[in-house]
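The values are calculated or read from the model by the stated rules, or taken from the named source; none is laboratory data. Everything numeric in this text was worked out from a predicted model, so none of it was measured. Because the Cβ atoms are built from the backbone with ideal geometry, glycine has one as well, and the counts that use them run over all protein chains shown. The protein model used for the area step is the full one, side chains on, heavy atoms only, and it has no ligands, DNA or RNA in it. Shrake-Rupley method; radii C 1.70, N 1.55, O 1.52, S 1.80 Å.
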Amino acid sequence: MQGAPLATVGVVGLGAMGAGIAEVFARSGLQVVAVEIIEEALDRGRATLTRSTDRAVARGRLSGTDRDALLGRITFAVGLSALAEVDLVIEAVPERLDLKRRLFADLDRICRPGTILASNTSSLSVTEIAVATGRPDRVVGMHFFNPAPVMKLVEVVRTVTTSTEVVGAVQELCARLGKVAVTIADRAGFVANALLFGYLNQAVGMLESGYAGREEIDTAMRLGAGLPMGPLTLLDLIGLDTAYEILETMYRRGGRDRRHAPVPLLRQMVTAGLLGRKSGGGFYRYERPGSAIVVPDGQTPAAAPLDGARPVRRVGVVGPGEAAEGLGEIFRRAGYDVVVVARDAGRSGGSPGLTALADADLVVEAVADELASKQALFAELAEVCKPEALLATTTGTLPVIDIAMAARRPAEVVGLHLLDPTPAGAVVEIVRTVRSSPEAVTTARAVCAGLGRAGVVCGDRAGFVVRALLHPYLNDAVRMLEASYATVDDIDHAMTLGCGYPAGPFEVLDRVGPEAALRIQRRLYRESREPGLAPAPLLEQVVTAGRSFRGQPAE
Ligand SMILES: NC(=O)c1ccc[n+]([C@@H]2O[C@H](COP(=O)([O-])OP(=O)(O)OC[C@H]3O[C@@H](n4cnc5c(N)ncnc54)[C@H](O)[C@@H]3O)[C@@H](O)[C@H]2O)c1
């Protein structure tokens, strides 16, 4: 067993992660030796640490005296020789295997034989790094999350050679730091990144293809899925160069899943020096390098984007009693003049109530989510509504164009998929089909603004933005469980404590309902034919058995 608890630690590389990791150690009373490769990078790292601790003082989370003591526990140095006497070294140098292997070989030579060598790698093989040393039993993964002082999770990666004593010492260290350790085996992306990076890459793909805009993708995920930040903002925080390397490694090590092959736009941005916050520009532009404050740029939506919207005063809502009433209430509260036509699911042909919609400027339907019912209704609406009326379907799962064509005036049809408000607010996916007119889309945007909801314009593909990005991640979590890599709790913790998600994937799956999740996943798979989107067999089994994920007894 480890004798005395670890007292001195070294941190190599003080970039986006290393500076935060050094702060976490020093805050818990450990002596820290912080090492960089050149003087300039060392100054930058020191400045990051000072800024971060000053911020903590300004927010009342740290006293001035404690900040001085914290900084006083950190020694700054250029070169590895300063690490000769420390008990543990963690590295946070760029995500490249050759670099890390060389560094570990050097550390092995320089540090005492008992020193534990830890890597903060996000995706590389800790085993391959370990065997570059003469002490693979004392090498371990210690994967912190960004920003390290805030995120509670540390993934402790034990390789086949890591000794039990070292794993124990690192787990104990995590507890002293106030972190939650999830101990796992050495697989590409471990738990959190294996689930996160496919999603991030897919979001870049949506932007690159013009499927949805930058702000729209981020807003959709923040308000539609309740995530702390959108995927493109998160990529800017992670650093696009780091993200690119992680995706590359995930692709190579993680079974060559095409969803991890970096979208070309990422590589172009890295080559162009657009690395995210750290370089002052990435998907967004920032006040200065290292700042989190976004400043407008050429892609920022124009100030008066709603020119050309048709006036909407009278809104018709069609659907079975409660759904239509609820929807009508949303419009009524926003000051629209609302007519509700109650109509049961599946009913078609000669609904006399529809004539009340003759002078509506907008008709929104909320009948059963079956294509035939919606097509029948839209065919009737085309007969009774005035020609310039905007016709909207609230479907979350059907192709809007199939419904629009039934209306025989597809230019005036859009999707308005209202997602339940999250604590951050409410969002509506405005689905533009290949036949929707620009005026129809602008009018829909003006209506969303009138409702006080964020409108996100996107194309007419399965899952629109939110479900298309969220459900593959949920399905991947089920696959990870199925492979016995981690437990339901570990996976949920990884996403809540590591990425700040309000709920882990299994909590979300149980809330959505495994059956609904399976239906959505099947649709995503059928449309894309992407092998990685095939529903996880365990998801199908859970549905067949009528069970839930968190509710089911341990097997
Ligand atoms: N960025 C994230 O969100 C994040 C999250 C978790 C883990 N990680 C992992 O942390 C590691 C570092 O990523 P980052 O985003 O902080 O990178 P970064 O580019 O922001 O920082 C890397 C730092 O390492 C320094 N460096 C390079 N070579 C060195 C050497 N030989 N000796 C000493 N210092 C050296 C650089 O000067 C730089 O300051 C990677 O393995 C990454 O996968 C990153």
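Quick notes on this structure:
- Residues whose amide H falls under 5 Å from that of Val339, counting only those 5 or more places apart or on a different chain, are Val315, Gly316, Val317, with hydrogens built in the peptide plane.
- Per principal axis, descending, Cα span of segment 353-472 in whole Å: 39, 29, 26
- In straight-distance terms, cross-link reach from Lys374 covers every one of the lysines whose alpha-carbon lies under 25 Å from its own, apart from those fewer than eight places away in the same chain; here that gives Lys386.
- Once the chain from Asp489 to Thr355 is taken as fully extended at 0.36 nm per residue, the excess over their C-alpha distance is 42.8 nm.
- Cα-centre dipole for segment 452-534 with unit charges at Cβ (Lys and Arg positive, Asp and Glu negative), debye to 20: 520 debye
- Our coupling estimate for segment 93-109, obtained by passing each phi through the Karplus curve with A = 6.51, B = -1.76, C = 1.60 and θ = phi - 60°, is 8, x, 6, 9, 4, 4, 5, 5, 5, 5, 4, 5, 5, 5, 4, 4, 6 Hz, Gly and Pro reported as x.
- Rounded percent of accessible protein surface that carbon and sulfur make up, the chain, 1.4 Å probe: 53 percent
- Förster radius 41 Å - calculated FRET efficiency between Glu439 and Ser528 (Cβ-Cβ, nearest 0.05): 0.85
- Once all protein chains are placed together, Asp137 keeps about 70 Å² accessible to a 1.4 angstrom probe.
- Averaging the sequence gap over all C-alpha pairs within less than 8 Å and six or more residues apart, then dividing by the number of residues, gives the chain a relative contact order of 11 percent.
- Over the C-alpha atoms of segment 233-392, the Rg to Rh ratio, Rh being the Kirkwood estimate, stands at 1.23.
- Shown are Arg285, Arg158, whose ranking by accessible area with a 1.4 Å probe and every protein chain present, most to least, is Arg285, Arg158.
- A simple packing score, the average count of other Cβ atoms within 10 Å per residue, orders the peptides 312-320, 203-211 as 312-320, 203-211, with the highest score first.
- Residue order for Glu527, Glu91 - accessible surface, 1.4 angstrom probe, largest first: Glu527, Glu91
- Amide H contacts under 5 Å for Phe76: Ala34, restricted to partners 5 or more places along the chain or on a different chain, H placed in the peptide plane at 1.01 Å from N.
- Relative to the dominant Cα principal axis of the chain, helix 371-384 is inclined by about 50°.
- Accessible surface of Ile38 - all protein chains present, 1.4 Å probe, nearest 10 Å²: 90 Å²
- Here segment 227-253 is scanned for amide nitrogen atoms under 16 Å from the site 7 Å beyond the Cα of Arg96 along Cα-to-Cβ, giving 240-249.
- The coefficient of translational diffusion for segment 386-442, derived via Stokes-Einstein from the alpha carbon Kirkwood radius under 4 °C and 1.567 mPa s, stands at 110 µm²/s.
- Charges were assigned to the Cβ only: +1 to each Lys and Arg, -1 to each Asp and Glu. The resulting dipole of segment 399-555 about its Cα centre is roughly 720 debye.
- Net charge over other residues, Cβ less than 13 angstrom from the Cβ of Ser291 (K, R count +1; D, E count -1): +4
- Residues of the chain: accessible area per residue with a 1.4 Å probe, Å²: 41 Å²
- Label-point separation in nm, Ser81 to Glu515, each point 7 Å along Cα→Cβ: 7.1 nm
- Cut-off 20 Å (backbone N to label point 7 Å along Cα→Cβ of Ile293), residues of segment 37-67: 47-60
- One chain, two ends: Asp369 and Glu325. Fully extended at 0.36 nm per residue, the span grows by 14.2 nm beyond their Cα-Cα distance.
- Residues whose amide H comes within less than 5 Å of that of Ala426, counting only those at least five positions distant or on another chain, are Ala454 (H built at 1.01 Å from N in the peptide plane).
- In terms of the mean number of neighbouring beta-carbon atoms within 10 Å, the peptides 104-115, 166-177 order highest first as 166-177, 104-115.
- Listed residues Leu265, Gly254, Val339: farthest to the positive end of the dipole of segment 250-341 (Cβ charges): Gly254
- Sequence-ordered 3J(HN,Hα) estimates for segment 179-190 from the Karplus curve with 6.51, -1.76 and 1.60 and θ = phi - 60° stand at 9, 9, 9, 10, 9, 9, 7, 8, 10, 3, x, 6 Hz, glycine and proline given as x.
- Placing dummy labels 7 Å off each Cα toward the beta-carbon, the span from Ala69 to Thr271 is 5.2 nm.
- Neighbourhood charge, 14 Å Cβ-Cβ cut-off, centred on Thr127 and excluding it, Lys, Arg +1 and Asp, Glu -1: +4
- Once the Cα atoms are used to define both axes, helix 192-208 deviates from the longest principal axis of the chain by about 50 degrees.
- Accessible surface of Phe76 - all protein chains present, 1.4 Å probe, nearest 10 Å²: 50 Å²
- For the chain, the share of alpha carbon pairs falling in successive 10 Å distance bins from zero is 4, 17, 25, 22, 16, 10, 6, 2, 0 percent.
- Using θ = phi - 60° and Karplus 6.51 cos²θ - 1.76 cosθ + 1.60, couplings along segment 267-275 (whole Hz; Gly, Pro as x): 5, 4, 5, 4, 4, 7, x, 8, 9
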